[in-house]
Structure formats: C-alpha cells, structure tokens
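Read the figures in this text as sums done on the coordinates, not as results from a lab. Note that the structure is a prediction, hence the values are computed from the model and not measured. Backbone-built Cβ (ideal geometry, glycine too); neighbour counts: all protein chains shown.
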Amino acid sequence: MKDFTDNEIETTLAPPQSETMLLEAASVEAATAQAAELWKVSADDIETVVIESGKRLFGLLGKKLKVQVSTKAPMMYLQARDFAGSIMKQSSLDLDVSVDAERTINIDGEDSAIVIGRHGETLKALEFLTNLIYRPDQNMPKIRLDCGGYRVRREESLIRLAESVAREVLHKHTPISLEPMSSWERRIIHMALQSNPGINTSSEGEEPLRKIVVYPSARAEKRGRTFRKKRY
C-alpha cells in the first residue's frame, strides 16, 4: 500500500480560475487598458473577445464595443510571477520570469544557478514564501516555481533514487528511510514505486523533516524469510 497523505496529492477542489468580465469600450485596446488598470496587471496578461459591435447613435456618438476581457492565468499566478520578478530585479539577477501553460512560475536566465541554490534549497525557500503570500487558501493547488529546468532534472534524479532504494530494500528485506523532502518530492517517490508489488512507501514525521520510508511488502518479507531459512 502506498501511503499518500497531506499535500502529496494535489487537492481535488476546482483550481483557481482566470478573472473575467464584460466591458463596453470604444476599442479593444481601450478595454484591454481598462482591465489591466483594474486588475493591476500588464496589458500583455489580458485576453479579449469582442461580443458585440455597437452602433452609432443618430450618427453622432462614438461606437461602443462589448468586449469580454480575461486574465491569461488566475490572478494568484500572475501576482506570484510579478513577486518573483521583483525579487530578481532587486537582487540584480539577469533572469526572466513567466507563467507557462501548466501554471508553473518559470525563472530562467544566466543567473539560474544562484536562484536554485545548493540542492535546490534557495528555490524551495522562494516557493515557500510565494505560497505563503499569494496562495489564498490551503486547499488550493500549490504555486510551483522552476528555475533553469531544475524540477525536470530533480524529478529524474528522484525516480532513479526511488528505483535504486527499492532494489536495496528487496535485496536486504529491511526498510530504508530517505532524507526529508518537500511534498512535491515525496509525491514523485510515491508515484515512482506505486506499481512495484514488492514495495510499500509511507511518509513519516512532521514538516519540514517529513520523509519517506521504503519497506518491503508483506509478500516480499515472506519471500525474504523463506530465502534466509533455506540459505542458513
């Protein structure tokens, strides 16, 4: 049995939605500028759809458009992006910050290594602070930060670690505790081993020292005891 607990499984509640409203304006550009000012975001963060083209009144007054304006991402992600960007700027780091299609805050550029830090600790600290400020509800999905492709490399490393530890557990027939990890990292370990019938995983301890214990399943332990009896 794989013990998924706490934040290792993302919430099943509906994810945050983009802001949307209907405006009347003389042009799409005017509607975009009005929405950007209202929501305190860049005009580049606004998407528009013309719902209805108005008519001139007696040929005298200007034509009005009905325009649906929306943010390209939920506000919490845009605010988190701007927050991370302001930190990069204040730190004089040569880095660009953006929100990708999967709503991850990506930090990329020549100074990526500085933001990642040793074993990703600086990036994790920035992600923690960002969630503390801009995640309005603990039931909301976490705001994820990545820098220079670190998360992909870390995920690949964790999968290799999980597979290596699983082999050792099955060979020695004894549990092995991993180092404390973030909820995202623990989830990667759980998922990597969930299809291994000889292995169980469990998260134990309290944050920030919560860690995964990998141990043999009852069937694997039974095979181990039988093997040891035959051998000795």
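Extending 7 Å from Cα along the Cβ direction at S92 and again at L129 yields two label points whose distance is 1.8 nm. Take the Cα coordinates of segment 82-126, assign each an equal point scatterer, and use the Debye formula without solvent to give log10 I(q)/I(0) at q = 0.13, 0.18 Å⁻¹. Summing over Cα pairs of segment 82-126 leads to -0.26, -0.50. Taking every Cα-Cα distance in segment 139-183 and sorting them into 5 Å bins starting at zero, the pair-distance distribution P(r) comes out as 5, 16, 19, 20, 16, 11, 8, 5, 0 percent. With no solvent and one point on each alpha carbon, what is the Debye value of log10 I(q)/I(0) for segment 75-173 at q = 0.23 Å⁻¹? Log10 I(q)/I(0), no solvent term: -1.18. Packing-based ranking of 23-29, 64-70 yields 64-70, 23-29, ordered from highest to lowest mean Cβ neighbour count within 10 Å. For segment 73-232, the number of Lys pairs with C-alpha atoms closer than 17 Å, counting only pairs eight or more positions apart or on separate chains, is 6.
Entry for segment 115-196 at q = 0.12, 0.23 Å⁻¹: log10 I(q)/I(0) = -0.44, -1.14, Debye formula applied to identical alpha-carbon scatterers, no solvent contribution.
Would you order S217, S195 from fewest to most other beta-carbon atoms within 10 Å of each residue's own beta-carbon?
In order of increasing Cβ crowding within 10 Å: S195, S217.
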